[in-house]
1. What's the number of the condition residue A:49 fails, among (1) open to solvent by 10 Å² or more (accessible area, probe 1.4 Å); (2) away from chain B (no Cβ under 14 Å); (3) assigned to a loop (DSSP other than H, G, I, E, B)?
2. Only residues that are touching a residue at least 60 places away in the same chain (Cβ under 8 Å) and within 10 Å of another protein chain (Cβ to nearest Cβ): list them for the range A:132-141, please.
3. Pairs please, first residue from the range B:7-18 and at the interface with chain A (Cβ under 8 Å from one of its Cβ atoms), second anywhere and among the charged types (D, E, K, R), Cβ atoms under 7 Å, 6+ apart in sequence or on different chains.
4. How do the pairs read when you match residues in the range A:199-219 that are more than 16 Å from residue A:55 (Cα to Cα) with residues anywhere that are open to solvent by less than 60 Å² (accessible area, probe 1.4 Å) and acidic (Asp, Glu), using Cβ under 8 Å and keeping only pairs 6 or more apart or on different chains?
5. Please specify each residue of the range B:170-182 satisfying the condition of being open to solvent by less than 10 Å² (accessible area, probe 1.4 Å) and over 14 Å from residue B:116 (Cα atoms).
6. If you go through the range B:369-378, how many residues are open to solvent by 30 Å² or more (accessible area, probe 1.4 Å) and within 19 Å of residue B:286 (Cα to Cα)?
7. Of the numbered conditions (1) buried (at least 18 other Cβ atoms within 10 Å of the Cβ); (2) at negative phi; (3) more than 11 Å from chain B (Cβ to nearest Cβ), residue A:109 satisfies every one except a single condition; which is it?
8. Which members of the range B:257-294 meet the condition of being within 14 Å of chain A (Cβ to nearest Cβ), free of Cβ contacts under 8 Å to residues at least 40 places away in the same chain and basic (Lys, Arg)?
Amino acid sequence: MSTSSVSVDRDIARAGVAAGSGAAIVEAIKVRKVYQRGKEDLTVLQDLDLTIHEGAFEALMGPSGSGKSTLLNLIAGLDRPTSGTIRVAGADVGTLPERARAKWRAANIGFIFQTYNMMPVLTALENVELPLLLASGLSSKDRRERAKTALSVVGLAERMQHYPRELSGGQEQRVAIARAIVTDPKLIVADEPTGDLDRKSADDILKLLERLNQEFRKTIVMVTHDPAAAERAKKVHHLDKGALL
Amino acid sequence: MNMGVVAVRNLGRNKLRTLLTIAGVSVAIVTFILLRTVLSAWTVAADHAAKDRVGTRHKVSFIIPLPKRYLEEIKQIPGVKGAAGANWFGAKDPKHETEFFGSFAVDPEEYLEVYDEIIVPPEQREAWFQNRTGAVVGDALAKKMGWKVGDRVTLVGTIYPGDWEFQISGIYTAVRKSVDRSSFMFHYDYLNDSQAVANANSKDLVGWIVSRIDDPSRAAEISRTIDARFDERDQQTLSMSERAMNTSFIGMISAILKAVDVVSLVILFIMVLILGNTVAMGVRERTHEYGVLRAIGFLPKHLAAFVVGEAMTVSVAGGVLGVMISYPFVQEGLGRFLEENMGAFCPFFRIDPATIVWALLLAMLLGAVAAALPAYNASRLKVIDALRRTG
């Protein structure tokens, strides 16, 4: 292991990654997020408290500008709160330095985006394998096997050699889900995962998420505008003007 | 799959752009190799000069001749094994008015003894020695003019007016690449005994003298001894090793060579700008994708490595293509043409292997330089901002 990765591990440890942190996988305490627009401050999240437990499948809903995507970004460690504490999978994500946060994300978070975000020059199998390039100690063969397993879970094993352009939107999103689960993350964050899909494909994706939650005990936090999608979650949080209703 | 594969696969994203960029880099590399070959062709005479030869010319200028008697005195200096004088004749073949070639009046036996890298078949050599109007010509010149052994040719003198008749006694080749294989050499006595030389008050003069020495390490010392011998005479000399003498000739066009040198580097700088612009364009277009990679845990250094890897793959591919184009073009085409048709200026116009190595190394290095700023920008992207960009 390199010196830099040791230092990153220490950063994560200092931030409080520890076993036995309880059943809460996400704890947001008085979280405030303020963006600076020119000379003005724009408060997007206002002293927000939220707890999500392991094994949950929860949806964040709200109108545009309500702060739901900002909250998801904070939970996923993509951004830092202006104030307050946000602990995810035992780590105080807001205090982690940039490199440590990237490493933490690779180990703990699976991402599903609205627009799938596949690399067009890689096959489905290679796209799923991509996050495993960051995992140390895995041989090329191991990575490939894991990626195949993940594709089997989402029902796309037979399409593994296809490029994204050769897949439908629903299939692309399933590959994206395989990519999100291939590292066996503690938490899956999904930002409008059905936003670009027709009703049938959206339904398939939501069933798959339900299956991941129920069968594989994956904790899922999903941002959605779609009430039908939100219905599939076990719990729905409504946000408005940066506060939970 | 590994990160290198990802970087290389990214090149297939916009195939036309990648191919055009590789073509652009290869054109720059071809130009670089050509210009460097021009430079090395000019300096080849100096680089491949014999270490055991000393040249002597008039101290003031090489266009002022020396008395021929100096030749005999130089032969007596300890350490000098032999010496030969030569006169620039300057003539044209009226049938080929536009063809330029060097023509010299020399003592055949002395000259071939001093320049033992000039190879004349024994029977032709003997024939030349015996024939006062005989001449030997380089194989490249013979081919160009269509001359064969035994042919009679008439040249028109430019320094010594009149028609000069010669018979081709032999055709020489060379075992050293610095030898001009398109020269015309004939008997000094044929020139010296002519009325034209008498009219020009140039009798018993030689343009320069070349000595063969027995110990190359004493070239400087023997040069000083030669010059000291004539220091008190009316015509003083300047002697130096053949390499130094050839270098002094090159010095006369040093400004042009310097300009060629600079242009060859400017070409590479332009290549960096073209490649840098292409790489930067790719980074801008893929900002959202870089955001995704950062989100799933890739570090800034990984993004930088992807960008540099792509740029270096393009630049090295362009470099290799440039070398593959240049090599046959110069070695089999242009180089052969120049040697056969302009041998007086370019006796050896071939790509130096070191130039190939430099071209490939510079292609690699400049690829990295071109990618430096885009790679830095990619590595500094904020994840949230990058994800918001739709490309």
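The values are calculated or read from the model by the stated rules, or taken from the named source; none is laboratory data. Small disclaimer: the values here were computed from a predicted structure and weren't measured. Cβ coordinates were reconstructed from backbone atoms using ideal geometry, including for glycine residues, and neighbour counts include every protein chain displayed. Accessible surface areas use protein heavy atoms only, side chains included; no ligands, DNA or RNA. Shrake-Rupley method; radii C 1.70, N 1.55, O 1.52, S 1.80 Å.
1. Checking residue A:49 against (1) open to solvent by 10 Å² or more (accessible area, probe 1.4 Å); (2) away from chain B (no Cβ under 14 Å); (3) assigned to a loop (DSSP other than H, G, I, E, B), the one that fails is (3).
2. Let us first name the residues in the range A:132-141 that are touching a residue at least 60 places away in the same chain (Cβ under 8 Å), namely A:136.
Across the range A:132-141, there are no qualifying residues.
3. Partner pairs satisfying both residue conditions: B:10/B:310.
4. If the second residue must be open to solvent by less than 60 Å² (accessible area, probe 1.4 Å) and acidic (Asp, Glu), the pairs left are A:202/A:226.
5. From the range B:170-182, those open to solvent by less than 10 Å² (accessible area, probe 1.4 Å) are B:170, B:172, B:182; that's our starting set.
B:170, B:182, listed by residue number.
6. Within the range B:369-378, the subset open to solvent by 30 Å² or more (accessible area, probe 1.4 Å) is B:369, B:372-373, B:376-377.
Then keep just the ones that are within 19 Å of residue B:286 (Cα to Cα); that gives B:372-373, B:376-377.
So the answer is 4.
7. (3)
8. We begin by selecting, within the range B:257-294, every residue within 14 Å of chain A (Cβ to nearest Cβ); these are B:282, B:285-294.
When the remaining residues are screened for being free of Cβ contacts under 8 Å to residues at least 40 places away in the same chain, the result is B:293.
Scanning the range B:257-294 gives no hits.
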